[in-house]
Amino acid sequence: MHYLVIGGAGYIGSHMVKLLIGEGHGVTIVDDLSSGHADALLGGELIVHDFSDRAFLDRLFSSVKFDGVFHFASQILVGESVTNPAKYYRANTFATLTLLEAMRDHKIDYFVFSSTAAVYGEPEYTPIDENHRKVPVNPYGASKYMVEMMLADFHRAHGLKYVALRYFNAAGADPQSRLGERHEPETHLIPLALKAVLGKKPPLKLFGRDYDTPDGTCIRDYIHVDDLSSAHLLAMQYLYAGGESTAFNLGNGAGYSVQQVIDVVGKVTGRPVPVEYAPRREGDPARLVADASKAKKVLGWQPVLTGLETIVQHAWNWEAASQ
Ligand code: UDP
């Protein structure tokens, strides 16, 4: 197979490229390198370009008949999406519409989309299954949910075959430390805790200790980036086997509190994490845990790097090596 990976030079996309190459597939990557890194690619052909340029897509799709598209490119900062919503609707929603139109016109029918647990908004219950109400509480979640709605409509109207994968908290790194998380700015808990240990960043701000959870800190579902990648390939294979177009949650189904993460980082690194207590961060639900049983049952997905210690260990190996 020859796949197109949009946003393949980013954190999750680069792990996906690694997997596809390892499985012997042809891979073309389109990434404008606005947040990705060319040296994160372990293979494939990189085209540095904005994927929302329709004339570019027409040229590309006329020259290569891709068997499917994996789409990872997006803006991901929830707070920024509140203050600058247009950036999110343009980059995440409108750009993806252009891509879908080009795919429709060039008869590329297989699509796996990076969606997010943010489509659900404030959880009404946990663990969250796919039928939970979708009431995004910020433009980031809304911009992704709008794409999911477009996908369902393109499916009905044009026969697009798609899977939308709703990630919970992507974390970890390549077990061989060739790839890892390199966001700028970094906002995620595990890399910030590791950078605080190394003195590369100030002490970790722990946002809120007064939540209705056993230790008062927020609970999240951390899923290894390699396990996320394997779900994408299974999703594409599922579509090729005639599977229904649909959405799946991707998480471990296990919740860990921010304090537990900090404790594990301390254990893995052998050093205490410098922490400062800070007020709650706006828009953080107390508890976000996936019910991922649908992906396990329907896709046959089985996450293997499930322990928080393993996830933190891989992230630490990467972080310490990239000093
Ligand atoms: N968090 C924190 N300090 C930070 C970054 C994150 O206390 O510097 C907390 C955050 O409030 C949330 C959890 O860690 O409860 C995970 O946050 P992250 O930004 O990694 O992912 P999110 O759950 O927002 O997608």
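Here are the numbers for the structure shown:
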quantity	calculated
Considering residues of segment 129-150 that are hydroxyl-bearing (Ser, Thr, Tyr) and in contact (Cβ under 8 Å) with a residue 40 or more places away in the chain only, the residue nearest to the ligand (Cβ to nearest atom)	TYR140
Meets criteria (in contact with a Ser or Thr (Cβ under 7 Å, 6 or more places away or on another chain) and within 13 Å of the ligand (Cβ to nearest atom)) for TYR167	yes
Pick from segment 45-76, criterion small (Gly, Ala, Ser) and in contact (Cβ under 8 Å) with a residue 40 or more places away in the chain, ranking: farthest from LYS87 (Cα to Cα)	SER62
Residue under evaluation ASP174, criteria (1) part of a loop (DSSP other than H, G, I, E, B); (2) within 15 Å of the ligand (Cβ to nearest atom); (3) crowded, with 16+ Cβ neighbours inside 10 Å, criterion not met	(2)
Count - residues of segment 244-286 that are assigned to a loop (DSSP other than H, G, I, E, B) and either of a type in the set (A, V, I, L, M, F, W, C) or over 14 Å from ALA193 (Cα atoms) (or both)	16
Condition broken by LYS294, with the remaining ones in (1) of a type in the set (D, E, K, R); (2) away from the ligand (no atom under 12 Å from the Cβ); (3) outside any helix (DSSP H, G or I) satisfied	(3)
Subset of segment 76-90 that is β-branched (Val, Ile, Thr) and surrounded by 15 or more Cβ atoms within 10 Å (Cβ to Cβ) - its residue that is farthest from the chain's Cα centre (by Cα)	VAL82
Complete set of residues in segment 197-226 that are part of a helix (DSSP H, G or I) and either near the ligand (Cβ under 10 Å from one of its atoms) or farther than 19 Å from VAL268 by Cα (or both)	ASP226
Any hit, segment 300-311, residues being within 13 Å of the ligand (Cβ to nearest atom), under 18 Å from LEU179 (Cα atoms) and under 18 Å from the mean Cα position of the chain (by Cα)	yes
Residue in segment 134-147 that is in contact with a strand residue (DSSP E or B) (Cβ under 6 Å, 6 or more places away or on another chain), at pLDDT 95 or above and within 14 Å of SER74 (Cα to Cα) present	yes
Tally, over segment 199-248, of residues that are charged (D, E, K, R), surrounded by fewer than 20 Cβ atoms within 10 Å (Cβ to Cβ) and under 22 Å from GLY300 (Cα atoms)	1
PRO285 being touching a residue at least 40 places away in the same chain (Cβ under 8 Å), closer than 13 Å to TYR211 by Cβ and more than 10 Å from the ligand (Cβ to nearest atom)	no
Criterion (modelled with pLDDT of 95 or more and touching a helix residue (DSSP H, G or I) at 6+ places or on another chain (Cβ under 6 Å)) met by exactly one of VAL112, VAL64	VAL112
Selected residue (only one of LEU198, LEU179, LEU151 is of a type in the set (A, V, I, L, M, F, W, C) and in contact with a helix residue (DSSP H, G or I) (Cβ under 6 Å, 6 or more places away or on another chain))	LEU179
Scan of segment 154-171 for residues that are in contact with a helix residue (DSSP H, G or I) (Cβ under 7 Å, 6 or more places away or on another chain), surrounded by fewer than 22 Cβ atoms within 10 Å (Cβ to Cβ) and part of a loop (DSSP other than H, G, I, E, B), ordered by number	LEU160
Matching option when the condition is within 18 Å of ALA118 (Cα to Cα) and surrounded by 21 or more Cβ atoms within 10 Å (Cβ to Cβ), among GLY251, GLY180	GLY251
Scan of segment 106-128 for residues that are touching a residue at least 40 places away in the same chain (Cβ under 8 Å) and among the charged types (D, E, K, R), ordered by number	ASP109, GLU122
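Rundown of residues vs (1) under 24 Å from VAL261 (Cβ atoms); (2) within 14 Å of the chain's Cα centre (by Cα), yes/no style:
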| residue | (1), (2) |
| --- | --- |
| ASN138 | yes, no |
| TYR162 | no, no |
| ARG166 | yes, yes |
| ALA171 | yes, yes |
| GLU184 | yes, no |
| LEU189 | yes, no |
| LEU192 | yes, no |
| LEU198 | yes, no |
| LEU204 | yes, no |
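The values are calculated or read from the model by the stated rules, or taken from the named source; none is laboratory data. Only a predicted model underlies this, so the values are computations on that prediction, with no experimental measurement involved. We place every Cβ from the backbone using ideal geometry, glycine too, and count neighbours over all the protein chains shown.
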